[in-house]
Amino acid sequence: MASSHIILPKEEEAEAEAEAETRLGTVVEADHDSPAQLPLQDHAPGKAALPFSATCVRISRDSYPNLRALRNASALNLHDDDAAFVKLEEGDYGYVLDDVPHLTDYIPDLPTYPNPLQDHPAYSTVKQYFVNADDTVPEKVVVQKNSPRGVHFRRAGPRQRVYFESEEVKACIVTCGGLCPGLNTVIRELVCGLSHMYNVNNVFGIQNGYKGFYSSNYLPMTPKSVNDIHKRGGTVLGTSRGGHDTKKIVDNIQDRGINQVYIIGGDGTQKGAYEIYKEIRRRGLQVAVAGIPKTIDNDIAVIDKSFGFDTAVEEAQRAINAAHVEASSAENGIGLVKLMGRYSGFIAMYATLASRDVDCCLIPESPFYLEGEGGLFEYVDRRLKENNHMVIVVAEGAGQDLIAQSIPIADQQDASGNKLLLDVGLWLTHKIKDYCKSKKMEMTIKYIDPTYMIRAIPSNASDNVYCTLLAHSAIHGAMAGYSFTVGMVNGRHSYIPFHRVTSTRNKVRITDRMWARLLSSTNQPSFLSKEDIDAAREADKAANNRKNGENAKKQHASVLAKGEK
Ligand SMILES: Nc1ncnc2c1ncn2[C@@H]1O[C@H](COP(=O)(O)OP(=O)(O)O)[C@@H](O)[C@H]1O
Ligand SMILES: O=P(O)(O)OC[C@H]1O[C@](O)(COP(=O)(O)O)[C@@H](O)[C@@H]1O
Ligand SMILES: [Mg+2]
């Protein structure tokens, strides 16, 4: 199949800067999914090669980012420590590869071995099973004719050559932070995938989160011992918050001869994984660190969706249904459901959109108020008059500032440093009751808090498959010598640098269409004035600019680092 490319001749760096204002090229990528048309490339990581031929077309460069400006943006705040680990590779037409670290970055001349999958009876029949070494996945898939190609991540998948001999691998798995449906499936598929695909049989479980690295025995794990665990909720390894002591953790990794570390957890956990990776690198150890993002809140940046999220949204329907049944069976009945979401209201938003029985959804990203025109009380009043009953879904992080005004309480944190929240569901229940009483309105309110029920269940079928693919992608990447957080980006599994998933948090954008869909489906007030909407738009814009600026800073740091080598 022929693919068309629009490409500019390769520029010398200085020329590119001089000409940046006048020329622009866009590239349509070759069909890397069908690498049959290309010879499989197997060069060492870090050696850039763009695997396509091209025809040249010149087009206006108006929207192309000014390369000089990008490189001079050094005033922005990137942690010095991080800058040293950033690996940015520039290509034509504003293509940037935000690459993940590899063992060969700090241990030169490592031997490689043929991937054992080549001889695997199941996998050896798969045509083009190995991914092309140059395959990358774009962070943004919606582009305009003249847009730069933008940031890309390394595509996940098996490589032709690996950096570990199967019998030398000693892998460990840890789960940290809160529970999430699918943890056991990921654990199972890591153990089974290592054994079945790569003949790795030395796999250990770390118990009860990060502290288990230095305070408990390591549990030997086999395909047999994990055979049935995906049918259970929770994590067979146990989990915890707090207890991250980088030095003690890496001392234990080193002393026990562990060379692949699989770390399953949320944003805090991935920050911990990054610290572990940095310490491993400082010590020059041949150890790969693979992070598998877990968050029921779906708040991890860059990735499309976290595993367990679908299961949680599905389970939340049961609570919403119960709230609806209770509310609609009473006179002026109100059903109130509290769902998880400390800083991000994705579960509440998706559960509301899926249900169609919800009249009002409150999330942390969209501040609300109770009294006066356009407030919640006015809406409750109206809805009860119109329909005799209503259902409210509230994310646990919503309205915290309002509660703090009425119940002054000192800030408290959990062992990981996460803010402890006040119970918005209970508070709202009392506030609505008091309001109705003041209006002499008979009503019944039923408060349902299914918080732990929706995350303590096993993952559903589609999350199970997703967990399996994540585990396999993590194994392929670690065997190939990379350290990374694995995740789906625009539907393709990718290896994402730690700093990208830990530097920001994924939040519901109330200026996006999805929130507008929600408002139109519930018909609730937006609780926003025109000034609020303008301010939200400005905040979004500033966040985008900051992100672009950070990329520029990293690009600058990476260019400098290359120059120094
Ligand atoms: N900045 C950080 N650096 C190192 N470890 C961290 C950091 N933040 C959190 N952790 C550790 O990660 C683990 C899980 O963090 P937590 O916030 O509880 O859950 P999650 O990973 O799900 O966000 C804890 O053991 C915590 O100590
Ligand atoms: O009570 P716990 O176990 O601390 O968990 C509650 C918290 O876990 C969360 O689901 C998020 O946890 P993670 O970051 O670990 O995924 C929050 O929404 C919630 O506040
Ligand atoms: Mg977290």
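The values are calculated or read from the model by the stated rules, or taken from the named source; none is laboratory data. On a predicted model such as this, the values are computed, not experimentally measured, just so you know. Cβ placement follows ideal geometry from the backbone for every residue including glycine, while neighbour counts extend to all protein chains displayed. With ligands, DNA and RNA removed, areas are computed over all heavy atoms of the protein, side chains included. Shrake-Rupley method; radii C 1.70, N 1.55, O 1.52, S 1.80 Å.
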Can you pull the Rg over Rh of segment 416-476, Cα-only, Kirkwood?
1.29
Per residue, how much accessible area does segment 309-376 have with a 1.4 Å probe, in Å²?
35
Label point distance in nm, D414-T222, each placed 7 Å from Cα along Cα→Cβ
3.5
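Would you mind telling me the share, in percent, of accessible area of segment 284-343 contributed by carbon and sulfur at probe 1.4 angstrom?
Its accessible area is 41 percent carbon and sulfur atoms.
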Give me the one-decimal nm value for the distance between modelled label points at Y369 and K433, 7 Å along each residue's Cα-to-Cβ direction.
2.6
Potential lengthening between A84 and Q118 on full extension [0.36 nm per residue; Cα-Cα distance subtracted]
8.7 nm
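Please find the FRET efficiency linking Q144 to A461, where r is the Cβ-Cβ separation and R0 is fixed at 45 Å, and quote it to the nearest 0.05.
0.75
Keeping every protein chain present and rolling a 1.4 Å probe, give me the accessible area per residue for segment 149-278 in Å².
Value for segment 149-278: 33 Å² per residue.
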